[in-house]
Structures are given as C-alpha cells and as structure tokens.
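The values are calculated or read from the model by the stated rules, or taken from the named source; none is laboratory data. Keep in mind that what you see is a predicted model, and the values were worked out from it rather than measured. FYI the Cβ positions are ideal-geometry reconstructions off the backbone, even for glycines, and counts take in every protein chain you see. For the accessible areas, the whole protein counts, side chains as well, though only heavy atoms, and no ligand, DNA or RNA atoms are used. Shrake-Rupley method; radii C 1.70, N 1.55, O 1.52, S 1.80 Å.
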Amino acid sequence: MLAIGLLALRVILGGFVAAHGVQKSTHLWGGGGLEATSKEFRDDGLAGGKLTALAAGGTQLVGGVLLILGFLTPLAAAAVIGTMVVATAVKFHAGFWSQDGGFEYPLFLSLLGIAVAWTGPGDFSLDGVLGLDTVYAHQPTAWVVAVVVTVAGVVGGLGTRMLLTRPAPVTTSGETN
C-alpha cells in the first residue's frame with residue numbers, strides 16, 4: 001500500500017509541476033510561452049527575461065518528469081522545492097489564498113516536494129529498479145539525504161529569488177514604486 005501511495009504522490013506532483021513547466025515555456029495547455037512568462041517575471045520584479053523563464057520552465061519540466069519516473073528522486077524533489085519556493089516568495093506579498101494571487105498553491109507544491117524528499121521514491125520507481133533508492137534504506141543516511149534535499153531546495157529557491165530580484169524603480173520624487 002505504501003508503495004502505491006508514494007507512486008501516486010510522485011506521479012501527481014510530478015505531473016502538475018511538469019505541466020506548469022511546459023506552460024511557462026510554450027503555448028501548450030494555455031501557456032503564454034517564453035515571452036509571456038518573461039513579462040510575468042518582470043511584473044513580479046524578477047530580472048533575466050527569456051533565459052530566466054526558460055530556466056524556471058525547464059527546471060519544472062525536468063524535475064516533474066524525474067518525479068513521475070522516480071529517477072534521481074532527491075534531485076527531482078530539490079528542483080520542485082526550489083522552483084516552488086521562488087514562486088511562494090514572489091507571491092508572498094499578495095497573501096495566502098491563491099484566488100487573491102497569493103502563495104497557497106506554490107507553497108502546497110513545495111511542501112509536497114518536501115514530503116517526497118523525506119519518504120523517498122518508493123518501490124515503484126526507476127530508483128528502486130536501479131538500486132538508487134538504497135540511500136533511504138538506512139535511517140542515518142535517509143535523514144541526511146532528506147535534510148540536504150530540503151535545505152538545498154529551500155535555500156536554493158530563496159537564493160534564486162534574491163539573485164533575480166530587481167530593485168524597485170525610483171520615481172522622480174525619489175520614492176520607490
């Protein structure tokens with residue numbers, strides 16, 4: 001039962017995150033492509049233009065697909081956590097609820113990424129088939145992996161947010177907008 005639950009968690013989370021990555025980078029599934037994503041990022045105060053949009057979409061796509069497959073699961077979880085922490089930080093000013101433009105949804109996805117980091121890929125995964133899930137077999141190692149993945153995702157996401165944040169424009173009166 002646990003293996004099926006972990007498979008469902010990975011596939012559902014990976015599918016949602018990968019689909020968002022595709023939307024960021026293309027016009028599929030209602031996505032605006034790199035141009036629209038670049039504009040959204042600029043409107044959110046982020047620098048980088050199309051390269052930033054491509055990096056965000058690509059990280060979501062690759063992280064999501066790796067989660068679906070259960071391959072390199074710690075890396076996939078860190079990618080999901082990191083990108084969703086950036087989105088959470090960007091939307092933090094709007095409050096909690098998603099219908100108000102808030103951070104509820106990206107926070108939820110990042111927390112699910114943390115859950116995967118702490119549970120591992122499960123038996124129905126490429127990591128399991130290839131023997132890459134052994135890091136989760138022993139408690140001390142599993143704890144270290146889970147902590148490292150969680151910290152790397154959160155710190156990586158917050159660091160990315162800080163690096164990409166543009167200063168607020170200054171008006172002619174010297175005040176920031």
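The set of residues from segment 40-65 being in contact (Cβ under 8 Å) with a residue 40 or more places away in the chain, within 15 Å of ILE81 (Cα to Cα) and open to solvent by 20 Å² or more (accessible area, probe 1.4 Å) comprises LEU61, VAL62, VAL65. All conditions in (1) buried (at least 19 other Cβ atoms within 10 Å of the Cβ); (2) of a type outside the set (D, E, K, R); (3) free of Cβ contacts under 8 Å to residues at least 60 places away in the same chain; (4) on the phi > 0 side of the Ramachandran plot hold for THR37, with the sole exception of (4).
If the condition is being free of Cβ contacts under 8 Å to residues at least 12 places away in the same chain and either crowded, with 16+ Cβ neighbours inside 10 Å or among the β-branched types (Val, Ile, Thr) (or both), then segment 125-147 contributes VAL129, THR134, THR141, VAL144, VAL147.
Taking (1) free of Cβ contacts under 8 Å to residues at least 60 places away in the same chain; (2) surrounded by fewer than 19 Cβ atoms within 10 Å (Cβ to Cβ); (3) in a helix (DSSP H, G or I); (4) not basic (Lys, Arg) in turn, ALA117 satisfies each apart from (2). Of the residues screened, GLY30 is not one that is open to solvent by 10 Å² or more (accessible area, probe 1.4 Å) and touching a strand residue (DSSP E or B) at 6+ places or on another chain (Cβ under 7 Å). Taking every residue in segment 13-25 that is without any contact (Cβ under 8 Å) to a residue 40 or more places away in the chain and pairing it with any residue that is open to solvent by less than 30 Å² (accessible area, probe 1.4 Å) and not in a helix (DSSP H, G or I), at least 6 positions away or on another chain, the pairs with Cβ-Cβ distances below 6 Å are GLN23/GLY31. Please go through segment 66-84 and give me each residue that is open to solvent by less than 20 Å² (accessible area, probe 1.4 Å) and either of a type in the set (A, V, I, L, M, F, W, C) or within 26 Å of GLY101 (Cβ to Cβ) (or both), ordered by number. Matches in segment 66-84: LEU67, ALA76, ALA77, VAL80, ILE81, GLY82, MET84. Just one of the listed residues (GLY63, GLY45, GLY21) is closer than 25 Å to VAL151 by Cα and modelled with pLDDT of 95 or more, and it is GLY63. Out of all the residues in segment 91-101, is one or more modelled with pLDDT of 90 or more, farther than 15 Å from GLY21 by Cα and of a type in the set (A, V, I, L, M)? Yes, that holds for at least one residue.
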